[in-house]
There are 2 protein chains.
Amino acid sequence: MALDCGVRLRRMTVAYRTYGTLNAARSNAILVCHALTGDQYVAERHPLTGKDGWWDMVVGPGLPVDTDRYFVICVNVLGGCMGSSGPRSMRDDGMGLWGTDFPPVTIGDMVRAQKMLIDHLGITRLFAVMGGSMGGMQVLQWVASYPDAVLAALPIACAAYHSAQNIAFHEVGRQAIFADPDWDGGRYWASGRVPARGLAVARMCAHITYLSEEAMTRKFGRRLQNAPKDPSEAIGLFGEMFEVESYLRHQGSTFVQRFDANSYLTITRAMDYFDLAVEFHGDVANAFRGTSTRFLLVSFTSDWLFPTAESRAIARALNRAGANVSFVEIPSDKGHDAFLLDEPDFHRTLAGFLAGCAIHAGLET
Amino acid sequence: MALDCGVRLRRMTVAYRTYGTLNAARSNAILVCHALTGDQYVAERHPLTGKDGWWDMVVGPGLPVDTDRYFVICVNVLGGCMGSSGPRSMRDDGMGLWGTDFPPVTIGDMVRAQKMLIDHLGITRLFAVMGGSMGGMQVLQWVASYPDAVLAALPIACAAYHSAQNIAFHEVGRQAIFADPDWDGGRYWASGRVPARGLAVARMCAHITYLSEEAMTRKFGRRLQNAPKDPSEAIGLFGEMFEVESYLRHQGSTFVQRFDANSYLTITRAMDYFDLAVEFHGDVANAFRGTSTRFLLVSFTSDWLFPTAESRAIARALNRAGANVSFVEIPSDKGHDAFLLDEPDFHRTLAGFLAGCAIHAGLET
């Protein structure tokens, strides 16, 4: 596959999971796109962590994305670390692993790889493409790249470009990884170590941006607990720590058990470079002119990583392009992570929109 | 000096600078309190960086804090690294440096050390105490601890406690320092190295919180520049970087030349533990009952580290306590850092308030 950077991957693996059954007309397929640290295990136990699927409140029998009715596909993104080609994969020449020599990928590359899979599955037109955060970027890219292949598009809690502040937070995470001597210039597999501390710091920093100040205050406030007896961090500061610190440390340390540091570098970079307007003569509306795709945009009031204003800007561009667009801002104090959490209003919105599209597509029984 | 943690410091150094002349009545002294990474060089060239004083737009002849009229004192906080006792100081027993064995300090300890200096200078009552961010926390603590020693108090861009989100950002910075092997359990002076990469990551993360999304977008947007040829970071990602990344890296690398990592740990912890209500039976208003101090609270519209709501909460507590309080929210898109930058409305507000207090105090010529 040819990548946007000009490099051609001679070997490419695309790891994916499916749920439900593809109908005879191949017209009931929904592609779910995952976020930065997500993967293809959207609605089943994760093989590494043993935890439930990351969207198992949304995807499953009788749920908003009803696997009794739809054939759901979820693909590990190109550059990822759960089976699709990425820095942890074998090089094209079979001489060792890619590591940081894995070519830079874009959101466009991720979508192109997904399109090859969809073609391979014999699906001409997806009933829907949906996803939150970086998943939402992929949704926008799908419609822009393959306007006739998507009946309904659901970009959730995302933006048509990555902002300076979001790039800055990603850069802090990357610098934390670079600063870890176990990263070893990206060749950590040679030493058998992983840059666990650097990757954990990157995750902690990012995790703050996924929550809201309200959610943190509600969950943790200023409550204290006893500090762990970790001599490497024994700095004698009161012998107590705040619950929010303990929570963040836990987030950092569990993340490194399931995620690859070089993938984190590659995928954050792909997000940073996402800017749909650049591809389309400076105006996102040009990406959607004449589209027959039906859009549902969703944002959350307390999301400060991809604030409502970003979704509103997409809605305006879609309106300029004459597209069929619904836009819903869900009241929530849970921040960006709300799209992954128990938000009944959000789930009802998804279900209602998909039901309407199903009628439109003649999918109703 | 007895610290809040119960430890007694037998040797204590308080480094400070003064500007202007103390009048015969010793009634024209203004104490300026610095923020987390500030120091006593408020209005003169910094001896390490060669840069102008951190508040030289506010403090100086003819400026809002007019050194032709006022005697300005600025003290390096306890736990700091510019001369006052801190982790880089000699232990009480003279056997080496404190390092991370330096006792934890509180905002209350910082203020107590300042009070000892003020007493030493023969000043019974300060004309004003002022400061932004952690400096503002010290201002609040001053009035709470020594209600008769402060005629006017100016807490700027601060809060009466540190929020869960702010604690979380500090914790990311501390973990980045802990993760740097050159930190060496806090005993880095033994190796002659400093945990430069960890401290730089901490600074980069914190720096994002000092700006606003608007300011970042205005200053950097998504503009690219050529990436530096640094082999340790050569990860082949497009060969370009965003200007905001370059800016953050510069912020990180210059910071480590002037600041001590263990001081960063000690002072962030002092901020985290600040919660004025806890000292006063759960209500900040109790800290100010019956006070005759005149207050000016200032916040900035785009400050998301210490948002206006925090200043408003202090204003309400002061009103409940029957205090004399003015509260001004300055429109600015510069974020938390606005209090250090060229904000004419802010500077006029300071000048006007101080002029009114001077008349009240009989200081007018």
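The values are calculated or read from the model by the stated rules, or taken from the named source; none is laboratory data. All values derive from a computational prediction rather than experimental measurement. All Cβ positions, even for glycine, are placed from backbone atoms using ideal geometry, and neighbour counts span all protein chains on display.
What to note about this one:
- Hits in region A:179-200 (condition: more than 20 Å from A:ARG249 (Cα to Cα) and surrounded by fewer than 17 Cβ atoms within 10 Å (Cβ to Cβ)): A:ASP184, A:GLY185, A:ARG187, A:TRP189, A:ALA190, A:SER191, A:GLY192
- Among (1) facing another protein chain (nearest Cβ under 8 Å); (2) at pLDDT 95 or above, the one test that B:ALA206 misses: (1)
- Looking only at residues in region A:83-120 that are among the β-branched types (Val, Ile, Thr) and in contact (Cβ under 8 Å) with a residue 60 or more places away in the chain, the one that is surrounded by the fewest Cβ atoms within 10 Å (Cβ to Cβ) is A:THR100.
- Per-region count, region A:268-307, residues touching a Ser or Thr at 6+ places or on another chain (Cβ under 8 Å) and within 13 Å of chain B (Cβ to nearest Cβ): 9
- The combined condition, being of a type in the set (Ser, Thr, Tyr), at pLDDT 95 or above and over 17 Å from A:ARG11 (Cβ atoms), is not fulfilled by A:THR49.
- Residue count for region B:320-362 under the criterion of being surrounded by fewer than 17 Cβ atoms within 10 Å (Cβ to Cβ) and among the acidic types (Asp, Glu): the result is 4.
- All positions within region A:230-246 that are more than 7 Å from every other protein chain (Cβ to nearest Cβ) and either over 32 Å from the mean Cα position of the chain (by Cα) or at pLDDT 95 or above (or both): A:ASP230, A:PRO231, A:ALA234, A:GLY239, A:GLU240
- Criterion (part of a loop (DSSP other than H, G, I, E, B), of a type in the set (A, V, I, L, M) and under 23 Å from B:CYS205 (Cα atoms)) met by exactly one of B:LEU305, B:LEU265: B:LEU305
- Residues in region B:105-133 that are assigned to a helix (DSSP H, G or I) and among the aliphatic types (A, V, I, L, M): B:ILE107, B:MET110, B:VAL111, B:ALA113, B:MET116, B:LEU117, B:ILE118.
- Long-range neighbours under 8 Å by Cβ, at least six apart or interchain, first residue more than 14 Å from A:GLY198 (Cα to Cα) and more than 7 Å from chain A (Cβ to nearest Cβ) within region B:164-178, second of a type outside the set (Ser, Thr, Tyr) and assigned to a helix (DSSP H, G or I): B:ASN166/B:MET271; B:ASN166/B:ASP272; B:HIS170/B:ALA206; B:HIS170/B:ARG269; B:HIS170/B:MET271; B:HIS170/B:ASP272
- Residue within region B:312-319 that is surrounded by 15 or more Cβ atoms within 10 Å (Cβ to Cβ), outside any helix (DSSP H, G or I), in contact with a Phe, Trp or Tyr (Cβ under 8 Å, 6 or more places away or on another chain) and modelled with pLDDT of 95 or more present: no
- When we screen A:ALA159, A:ALA153 for residues that are within 13 Å of chain B (Cβ to nearest Cβ), at pLDDT 95 or above, outside any helix (DSSP H, G or I) and crowded, with 21+ Cβ neighbours inside 10 Å, the only hit is A:ALA159.
- Test: residue in region A:79-101 that is in the same structural domain as A:LEU36 (by TED's automatic domain parsing), part of a helix (DSSP H, G or I) and closer than 23 Å to A:ASP337 by Cβ: no
- Matching entry among B:ALA24, B:ALA43 (being of a type in the set (A, V, I, L, M) and in contact with a strand residue (DSSP E or B) (Cβ under 6 Å, 6 or more places away or on another chain)): B:ALA43
- Against the test of being touching a strand residue (DSSP E or B) at 6+ places or on another chain (Cβ under 6 Å) and of a type outside the set (Phe, Trp, Tyr), the options A:VAL105, A:VAL143, A:VAL111 yield a single qualifying residue, A:VAL143.
- Residue identified as touching a strand residue (DSSP E or B) at 6+ places or on another chain (Cβ under 7 Å) and of a type in the set (Gly, Ala, Ser) among B:GLY96, B:GLY135: B:GLY135
- Selection status of A:GLY185, touching a residue at least 12 places away in the same chain (Cβ under 8 Å), out of contact with any Leu (no Cβ under 7 Å at 6 or more places or on another chain) and either more than 10 Å from chain B (Cβ to nearest Cβ) or on the phi > 0 side of the Ramachandran plot (or both): yes
- Residue match in region B:65-82 (condition: among the aromatic types (Phe, Trp, Tyr), within 24 Å of B:ALA160 (Cα to Cα) and touching a residue at least 12 places away in the same chain (Cβ under 8 Å)): no
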